[in-house]
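What follows is a short report on a single structure.
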Amino acid sequence: MLKVMSVFGTRPEAIKMAPVVAELQRRGPQVHSVVCVTAQHREMLDQVLGVFGIQPDHDLDLMRPNQSLPELTSRVLLETTRVLREARPDVVLVQGDTTTAMAAALAAFYERIPVGHVEAGLRTNDRYYPFPEEINRRLIGPIATFHFAPTERAMAALRANGVPEDDLFLTGNTVVDALQRITGSVQAPVMPYPAPGRRLVLVTAHRRENFGEPMARVFSAIRRLSAAFADVEFVYPVHPNPNVAAAAREALGATERVHLIPPLDYVAFTHLLAKCHLVLTDSGGVQEEAPALGKPALVLRNETERPEGVEAGVALLVGTDEERIVAEASLLLSDGEAYRRMSQSRSLYGDGNAASRIVEILIERVATVSQERDAA
Ligand code: UD1
Ligand code: UDP
């Protein structure tokens with residue numbers, strides 16, 4: 001029996017690992033699935049666990065208010081090591097580029113346990129952007145044995161990093177699996193937004209490199225857009241990071257038709273995404289979901305590791321320049337032809353079968369890799 005431990009800790013990792021965990025469970029008794037959550041995020045992780053019905057076998061409960069990167073990294077490294085020693089899985093799966101993913105991969109390597117990297121190969125090639133994620137994902141590269149790349153571009157980046165062809169797998173992004181599962185099977189919740197006759201702009205913003213001035217400029221742009229378009233409502237589920245929440249409250253708390261709300265669960269959020277007119281976001285996952293639902297995304301970043309949407313003309317990098325955000329959003333809100341060009345539904349990041357590909361590959365490959373390691 002193949003014992004696979006999935007380690008994740010934040011909201012986006014949980015959403016993107018949920019289809020993999022479901023597929024691993026479906027393959028029982030051939031596969032024994034063990035779930036270890038670091039709870040790098042607490043409330044936002046629990047929302048996802050609830051939506052997808054995942055009950056972790058190990059919950060490290062590591063989140064602390066306003067945690068620093070070194071503190072969190074040390075805790076993840078130490079605590080996942082303890083669980084790995086106890087559970088001795090044949091392979092560890094990590095996802096993306098968070099502190100949890102990077103430190104758990106390192107812990108597995110120290111225990112000589114092979115690592116599979118889900119969503120491998122995303123790069124901006126700028127070490128500080130996004131910070132610290134660009135370096136986190138690059139560090140997982142040489143540790144991982146199995147690289148599950150979402151797109152051809154990610155495959156090319158991994159090849160350029162010297163990953164052997166045999167260890168590279170084009171799977172698509174599991175976020176599409178998650179999105180299809182939720183939008184296809186769960187009853188849409190009743191949401192009070194937007195009011196009848198109004199259009200909805202959905203906003204998310206949380207990146208570390210946007211804290212302070214850049215985020216203030218984004219908020220200022222939203223205030224101006226709200227004043228200019230009386231038929232538009234803005235819904236912004238605010239990330240609970242104190243650096244974000246306090247700034248959002250201060251800048252937008254009293255702005256008409258701007259709704260600052262707590263993080264939505266995945267069902268409610270994807271429902272609003274499907275209903276909205278356009279999305280303003282610095283999120284990675286939302287850049288992948290918006291084109292799948294045919295929603296134009298104005299990306300509040302200067303660079304992206306997901307250029308496929310920009311190249312397809314359905315996402316636009318607007319950075320955090322106030323004038324640029326106001327100009328591009330105004331165009332989409334007032335020019336029907338410009339809006340139509342950007343609101344094409346496109347499958348750029350996957351076909352919804354990434355999780356089954358990943359599990360199939362693990363079943364085929366892990367036994368060989370473990371034998372090679374034991375012989376070494
Ligand atoms: C983390 C990831 C980032 C990812 C983001 C998704 C790292 C370095 N960063 O950033 O890649 O895009 O998650 O949202 O791994 N908090 C709560 N409740 C929660 C979650 C967070 O109160 O459910 C607050 C806590 O005060 C916590 C702080 O937010 O200390 C920061 O959380 P952390 O995971 O360190 O950073 P994020 O900015 O969320
Ligand atoms: N999301 C959610 N509720 C919200 C906001 C976002 O469920 O209120 C989902 C969104 O659909 C996407 C993921 O969270 O799948 C993105 O997470 P986040 O923006 O926190 O992280 P990133 O993708 O930037 O790493």
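Residue under question is Thr204, and the condition is that it be in contact (Cβ under 8 Å) with a residue 12 or more places away in the chain, β-branched (Val, Ile, Thr), under 25 Å from Pro262 (Cα atoms) and surrounded by fewer than 21 Cβ atoms within 10 Å (Cβ to Cβ); does it hold? Show your work before the answer.
On the way: in contact (Cβ under 8 Å) with a residue 12 or more places away in the chain: yes; β-branched (Val, Ile, Thr): yes; under 25 Å from Pro262 (Cα atoms): yes; surrounded by fewer than 21 Cβ atoms within 10 Å (Cβ to Cβ): no.
Judged against the criteria, Thr204 is not a match.
Among the residues of the range 245-260, what is the count of those that are assigned to a strand (DSSP E or B) and within 24 Å of the chain's Cα centre (by Cα)? Working first, answer last.
If we filter the range 245-260 for residues that are assigned to a strand (DSSP E or B), which is where we start, we get 258-260.
Narrowing the set further to residues that are within 24 Å of the chain's Cα centre (by Cα) leaves 259-260.
The qualifying residues number 2.
Among the residues of the range 285-314 satisfying the criterion of being of a type in the set (Lys, Arg) and within 20 Å of Leu225 (Cα to Cα), which is surrounded by the fewest Cβ atoms within 10 Å (Cβ to Cβ)? Explain how you work it out, then say what you get.
Of the range 285-314, the ones of a type in the set (Lys, Arg) are 295, 301, 306.
Now restrict to residues that are within 20 Å of Leu225 (Cα to Cα): 295, 301.
Working: Lys295: 22, Arg301: 24.
Here the answer is Lys295.
Can you go through Asp321, Asp282 and tell me which one is among the acidic types (Asp, Glu) and surrounded by 20 or more Cβ atoms within 10 Å (Cβ to Cβ)?
Numbers: Asp321 fails: surrounded by 20 or more Cβ atoms within 10 Å (Cβ to Cβ).
Answer to the selection: Asp282.
Conditions tested, residue by residue: (1) more than 30 Å from Arg112 (Cα to Cα); (2) assigned to a loop (DSSP other than H, G, I, E, B); (3) in contact with a strand residue (DSSP E or B) (Cβ under 6 Å, 6 or more places away or on another chain).
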{"position": "Thr270", "(1), (2), (3)": "yes, no, no"}
{"position": "Leu280", "(1), (2), (3)": "yes, no, yes"}
{"position": "Glu289", "(1), (2), (3)": "yes, no, no"}
{"position": "Lys295", "(1), (2), (3)": "yes, yes, yes"}
{"position": "Ile361", "(1), (2), (3)": "no, no, yes"}
{"position": "Ala367", "(1), (2), (3)": "no, no, no"}
{"position": "Glu372", "(1), (2), (3)": "no, no, no"}
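Touching a residue at least 24 places away in the same chain (Cβ under 8 Å), out of contact with any Lys or Arg (no Cβ under 9 Å at 6 or more places or on another chain) and either assigned to a helix (DSSP H, G or I) or more than 12 Å from ligand 2 (Cβ to nearest atom) (or both): does that describe Thr304?
On the way: touching a residue at least 24 places away in the same chain (Cβ under 8 Å): yes; out of contact with any Lys or Arg (no Cβ under 9 Å at 6 or more places or on another chain): yes; either assigned to a helix (DSSP H, G or I) or more than 12 Å from ligand 2 (Cβ to nearest atom) (or both): no.
No, not satisfied.
On the given criteria, is Leu317 over 24 Å from Leu93 (Cα atoms) and either in contact (Cβ under 8 Å) with a residue 12 or more places away in the chain or more than 22 Å from the chain's Cα centre (by Cα) (or both)? Explain how you work it out, then say what you get.
On the way: over 24 Å from Leu93 (Cα atoms): yes; either in contact (Cβ under 8 Å) with a residue 12 or more places away in the chain or more than 22 Å from the chain's Cα centre (by Cα) (or both): yes.
When the stated conditions are applied, Leu317 passes them.
Within the range 268-279, count every residue that is under 15 Å from Val175 (Cβ atoms), buried (at least 18 other Cβ atoms within 10 Å of the Cβ) and more than 7 Å from ligand 2 (Cβ to nearest atom).
Keep residues of the range 268-279 that are under 15 Å from Val175 (Cβ atoms), which gives 269-270, 273-274, 279.
Pick out the ones that are also buried (at least 18 other Cβ atoms within 10 Å of the Cβ) and you get 269-270, 273, 279.
This time we only want the ones that are more than 7 Å from ligand 2 (Cβ to nearest atom), so: 279.
The qualifying residues number 1.
For the range 1-108, which fully contained strands (runs of 3 or more DSSP E) count at least 1 residues that are in contact with a Phe, Trp or Tyr (Cβ under 8 Å, 6 or more places away or on another chain) and within 16 Å of ligand 1 (Cβ to nearest atom)?
Working: elements: 2-8, 31-37, 91-95.
Fully inside the range 1-108 and qualifying: 31-37, 91-95.
For residues in the range 207-230 being in a loop (DSSP other than H, G, I, E, B) and touching a residue at least 60 places away in the same chain (Cβ under 8 Å), which is farthest from ligand 2 (Cβ to nearest atom)?
Step one: of the range 207-230, the residues in a loop (DSSP other than H, G, I, E, B) are 207, 211-212, 229-230.
Retained after the next criterion (residues that are touching a residue at least 60 places away in the same chain (Cβ under 8 Å)): 207, 229.
Values: Arg207: 7, Phe229: 23 Å.
Among those that are in a loop (DSSP other than H, G, I, E, B) and touching a residue at least 60 places away in the same chain (Cβ under 8 Å), it is Phe229.
Would you point out which residue out of Leu60, Leu77, Leu72 is closer than 23 Å to Gly284 by Cα and of a type in the set (A, V, I, L, M, F, W, C)? Give the derivation first.
Working: Leu60 fails: closer than 23 Å to Gly284 by Cα; Leu77 fails: closer than 23 Å to Gly284 by Cα.
Being closer than 23 Å to Gly284 by Cα and of a type in the set (A, V, I, L, M, F, W, C) holds for just one of Leu60, Leu77, Leu72, which is Leu72.
Of the conditions (1) surrounded by fewer than 14 Cβ atoms within 10 Å (Cβ to Cβ); (2) within 12 Å of ligand 2 (Cβ to nearest atom); (3) small (Gly, Ala, Ser), Ala178 fails just one. Which one is it?
Ala178 satisfies every listed condition except (1).
Please list, ordered by first then second residue, the pairs with beta carbon atoms under 9 Å, 6 or more apart or interchain, first in the range 53-75 and farther than 17 Å from Glu86 by Cβ and within 16 Å of ligand 2 (Cβ to nearest atom), second among the basic types (Lys, Arg) and in a loop (DSSP other than H, G, I, E, B).
Met63/Arg42; Leu72/Arg64
Out of (1) surrounded by 14 or more Cβ atoms within 10 Å (Cβ to Cβ); (2) more than 22 Å from Pro114 (Cα to Cα), the odd one out for Gly53 is which?
(1)
Select from the range 42-69 the residues that are within 19 Å of Met5 (Cα to Cα) and either acidic (Asp, Glu) or in contact with a Ser or Thr (Cβ under 6 Å, 6 or more places away or on another chain) (or both) and list them in ascending order. Don't jump to the end; show me each part of the working.
The first filter runs over the range 42-69 and keeps only residues within 19 Å of Met5 (Cα to Cα), leaving 45-46, 48-49, 52-62.
Once the filter is applied, which keeps residues that are within 19 Å of Met5 (Cα to Cα) and either acidic (Asp, Glu) or in contact with a Ser or Thr (Cβ under 6 Å, 6 or more places away or on another chain) (or both), the range 42-69 yields Asp46, Asp57, Asp59, Leu60, Asp61, Leu62.
Just wondering, is there one or more residues in the range 236-245 that are small (Gly, Ala, Ser), surrounded by fewer than 18 Cβ atoms within 10 Å (Cβ to Cβ) and more than 16 Å from ligand 2 (Cβ to nearest atom)?
no
Every number here is computed from the coordinates shown, using simple stated rules; none is lab data. The model shown is predicted, which means the values in this text are computed figures rather than measured ones. All Cβ positions, even for glycine, are placed from backbone atoms using ideal geometry, and neighbour counts span all protein chains on display.
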